[in-house]
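This is the structure I have questions about; it appears just below.
Bear in mind that the values in this text are calculations on the coordinates, not laboratory data. Computed from a predicted structure; not experimentally measured. All Cβ positions, glycine included, derive from the backbone under ideal geometry; neighbour counts span all protein chains shown.
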């Protein structure tokens, strides 16, 4: 993962449709969510979001106490999540309040959806969540170069999914 990932996100276009993200950005986003500490931060923010009907925020201090991590560790990982716009921050005095931005994860859903779309067309039943990811997938086929990159990213995605299930 490169620190310039957020800059790359703003400069580039997805290879399938305009206005989307590059495969390299999707790979970087997988790297961002692959870290166990960042996944715990995202889980904590998601729980607050669900409990507060979409407006859930948490301060760095609240996250430190909830997760039992040091303040520098939490701040470092929140900075990475912020660079990729996975979370947003609101400053109030000396406090920073973080909120999950689920829409920032749509490139992952689109990428995964491209692989799920063929399965959605079969008679095999799919869960509602998987069907929704498949629905979000771009309809355009991959170029051979993009397909090769997608396969490499797929192996990374498989390891991420394995880590998420732990």
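Tell me which residues, restricted to segment 50-89, are in contact with a strand residue (DSSP E or B) (Cβ under 7 Å, 6 or more places away or on another chain), part of a helix (DSSP H, G or I) and more than 24 Å from residue 26 (Cα to Cα).
Of everything in segment 50-89, just one residue is in contact with a strand residue (DSSP E or B) (Cβ under 7 Å, 6 or more places away or on another chain), part of a helix (DSSP H, G or I) and more than 24 Å from residue 26 (Cα to Cα), namely 60.
Kindly indicate whether residue 101 is within 20 Å of residue 34 (Cα to Cα) and free of Cβ contacts under 8 Å to residues at least 40 places away in the same chain.
Considered against the rule, which asks whether it is within 20 Å of residue 34 (Cα to Cα) and free of Cβ contacts under 8 Å to residues at least 40 places away in the same chain, residue 101 comes out as yes.
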